[in-house]
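Contents: one structure, followed by commentary.
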Amino acid sequence: MCQAYRIQYNWDAISAMPTNLYGPNDNFHPENSHVLPALMRRFHEAKVSGAKEVVVWGTGSPLREFLHVDDLADAVVFLLEKYSGLGHVNLGSGKEVTIKELAELVKEVVGFEGELGWDTSKPDGTPRKLMDSSKLAGLGWVPKVSLREGLVDTYKWYLDNVKQ
């Protein structure tokens, strides 16, 4: 739509497509949240209840890319100031992490001391989801929030804001 307006009305609009986002104000609902907030909630609930294990679906091998919401905001402002092209721009970190690595990192950040198990009878989902963010990187933008820092920030927000 932005491209059509640019062409038809000479309107300086750009189209940006973010990767998987996470951070404060995420959706932690147990029935419809995405993988990262779902893991955070499950590990937190297991920690609070004293559970001995958290079981995650699949093998943990699928690769995912995540971008903290603060980096999204920074990238959008960067594009508004530095880009005025016709093509869309993918907004991503450019870094992949396996679901297993993500689960282990969330477990550590939350402080769950039980075991992490895998239910390999359940599906893994798409094997790999990595955007090509080379256009954004080529313009000089790089994310500032590491996955670990972002998880710490998100968990702090979760503790302060999600009704237990």
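Read-outs throughout are calculated quantities, based only on the coordinates presented, and are distinct from any laboratory measurement. Please read all numbers here as calculations on a predicted model, not as lab measurements. Here Cβ is always computed from backbone atoms with ideal geometry, including for glycine, and neighbour counts include all displayed protein chains.
Around Val145, what is the net charge, scoring Lys/Arg as +1 and Asp/Glu as -1 over all other residues with Cβ under 12 Å from its Cβ? Walk me through the intermediate numbers first.
On the way: positive: Lys95, Lys144, Arg148; negative: Asp70, Asp71, Asp74, Glu149, Asp153.
Summing Lys/Arg as +1 and Asp/Glu as -1 gives -2.
I'd like the distance separating the alpha-carbon centroids of segment 126-164 and segment 32-72, in whole Å.
14
Which order do the peptides 2-11, 103-112 come out in when sorted by mean C-beta neighbours inside 10 angstrom, highest first?
Details: 2-11: 11.2, 103-112: 19.0.
The most tightly packed comes first, giving 103-112, 2-11.
Taking K and R as +1 and D and E as -1, what net charge do the other residues with C-beta under 10 Å from the C-beta of Glu65 add up to? Show your work: numbers first, answer last.
Numbers: positive: Arg64, Lys95, Arg128, Lys129; negative: Glu96.
Result for the local shell: +3.
Projected area of the chain, taken from the Cα convex hull and averaged over every viewing direction, in nm²? Write down the numbers at each step before the final one.
Numbers: hull surface 42.9 nm².
Approximately 10.7 nm², given one-decimal rounding.
Can you pull a Stokes-Einstein diffusion coefficient for segment 13-57 at 4 °C (1.567 mPa s), Rh from Kirkwood over Cα pairs, as a whole number of µm²/s?
Numbers: Rh = 12.3 Å.
Answer from the Stokes-Einstein relation: 105 µm²/s.
With unit charges on the beta carbon (Lys/Arg positive, Asp/Glu negative), name the residue among Ala73, Val142, Ser15 whose Cα is farthest towards the positive pole of the charge dipole of segment 2-161.
Value: Ser15.
Given that compact globular proteins tend to follow 2.2 N^0.38 Å, what is the ratio of the alpha-carbon Rg of segment 116-164 to that value? Walk me through the intermediate numbers first.
Working: Rg = 16.8 Å, N = 49, 2.2 N^0.38 = 9.7 Å.
Scaled against compact globular proteins, the figure is 1.74.
What relative contact order, as a whole-number percentage, does the chain give when Cα pairs under 8 Å and 6 or more residues apart are counted? Write down the numbers at each step before the final one.
On the way: 244 pairs, mean separation 53.8, N = 164.
Worked out over the chain, it gives 33 percent.
Taking θ = phi - 60°, what integer Hz values does the Karplus form 6.51 cos²θ - 1.76 cosθ + 1.60 yield along segment 52-66, in sequence order, with x for Gly and Pro?
Ordered by residue, 3J(HN,Hα) equals 8, 8, 10, 9, 10, 5, x, 9, x, 7, x, 9, 9, 10, 10 Hz.
Taking the chain as a Gaussian network, Cα atoms linked when under 10 Å apart, which of Lys100, Lys144, Lys82 shows the biggest mean-square fluctuation?
Lys82
Rounded to the nearest 500, what is the chain's calculated 222 nm mean residue ellipticity when only DSSP H runs of at least 4 contribute -39500 (n - 2.57) each, over all residues? Walk me through the intermediate numbers first.
Numbers: 6 runs with 69 residues, N = 164.
Calculated from helices alone, the mean residue ellipticity at 222 nm is -13000 deg cm²/dmol.
Among 155-162, 120-127, how do they line up by average Cβ neighbours within 10 Å per residue, starting with the highest? Can you show the working numbers first?
Numbers: 155-162: 13.1, 120-127: 10.5.
So the order, starting with the most tightly packed, is 155-162, 120-127.
When the dipole is taken about the Cα centre of segment 69-164, and only Lys, Arg (+1) and Asp, Glu (-1) are charged at their Cβ, what size is it in debye, to the nearest 20? Provide the component values of the computation, followed by the final result.
Working: 12 positive and 16 negative charges, 62 e Å.
Computed about the Cα centre, the dipole is about 300 debye.
Can you compute the charge dipole magnitude of the chain about its Cα centre, using +1 on each Lys and Arg Cβ and -1 on each Asp and Glu Cβ, nothing else charged? Give it in debye, rounded to the nearest 20.
Working: 18 positive and 22 negative charges, 44 e Å.
The dipole magnitude comes to about 220 debye.
Can you list residues whose amide H is under 5 Å from Trp57's amide H, if they're 5+ apart or on another chain and H is modeled 1.01 Å from N?
Excluding prolines and chain starts, which carry no amide H, the hits are Asp119.
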